[in-house]
Structure formats: C-alpha cells, structure tokens
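A short reminder: the numbers here are calculations on the coordinates, not readings from a lab. Just so it is clear, the model here is predicted, and its values are computed rather than measured. With ideal geometry, Cβ positions are generated from the backbone for all residues, glycine too; neighbour counts draw on all protein chains shown.
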Amino acid sequence: MKLKSTLSVVYPLSCLLLMQPAVATAGEKKPAKKSRTSSSPRNNQAVKISPDALKRTMHVTAKDNDGKEIDFFVFDLEGTLVKHFRMLEGDKEEIAGLARGKYLYNVFAGDEEAAAGEFEIR
C-alpha cells in the first residue's frame with residue numbers, strides 16, 4: 001500500500017491562497033492608494049509652481065486666468081503671511097529667502113479662490 005504525501009497536496013493550495021489578491025467584502029473598503037503628490041498639487045489651473053533646489057527658491061508662473069489679476073499669498077504653518085504677489089497672466093515671480101519647512105499658499109482671482117495648496121523648501 002502506497003501512502004500519499006500530504007505535503008504535496010497542502011503546498012499547492014497554500015501557494016494559491018498566498019498568490020490571491022486581497023478582495024474586500026461588501027462591508028469593507030479597500031485601503032486608498034497613496035499617491036506621490038499631495039492632496040493639493042502644486043500645478044493647477046491658476047499657477048504653476050516649480051522648485052529650484054540649488055537656490056532653495058520656488059518659481060511661480062501665473063497661468064491663463066481669463067484676464068483677471070490674481071493675488072498669490074504664502075503663509076507659514078502658523079498662519080503668518082510671509083509673501084504676497086499680484087500677478088497677471090504670464091507673470092513670473094521667485095519666492096526666495098524662506099527658511100526650510102512647509103508653507104501654504106492661496107491664489108485668489110478677484111473674490112474667488114482659484115487655488116490652494118502647500119509646498120516645501122528643503
């Protein structure tokens with residue numbers, strides 16, 4: 001009488017279970033994917049913000065805002081106003097002289113908020 005090895009039966013089954021992706025049931029939610037961008041991207045319809053790592057500055061370019069003048073405000077995390085620029089379409093400004101850390105920005109076109117977000121000086 002020949003005995004079957006239980007290892008050969010269990011091993012393929014356990015591999016299949018490990019290779020199966022996790023499936024959420026009806027009551028559970030899948031964990032959200034973490035994106036590399038923040039919840040408020042630096043580049044939006046109102047302005048384009050790009051870092052200059054060597055100078056520790058940020059370059060701000062006003063995009064097409066229907067001919068309206070925009071106000072660009074920069075705040076530190078405590079809520080203190082650090083910089084303010086008034087810009088027209090195509091204007092470029094350089095934010096320099098900021099200490100390392102995170103900063104919040106708000107962009108207003110007239111009385112409407114056109115964009116908001118954060119950036120970091122490293």
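With r defined as the distance between the Cβ atoms of Asp52 and Glu118 and R0 fixed at 25 Å, what FRET efficiency is calculated, to the nearest 0.05? Don't skip to the answer; put the middle values down first.
Working: r = 17 Å, r/R0 = 0.69.
Result of the calculation: an efficiency of 0.90.
Check the range 47-121 and count each lysine pair with an alpha-carbon distance under 14 angstrom, considering only pairs eight or more places apart or from different chains. Write out the running numbers ahead of the final one.
Details: Lys48/Lys63; Lys48/Lys92; Lys63/Lys92; Lys83/Lys102.
Qualifying lysine pairs in the range 47-121: 4.
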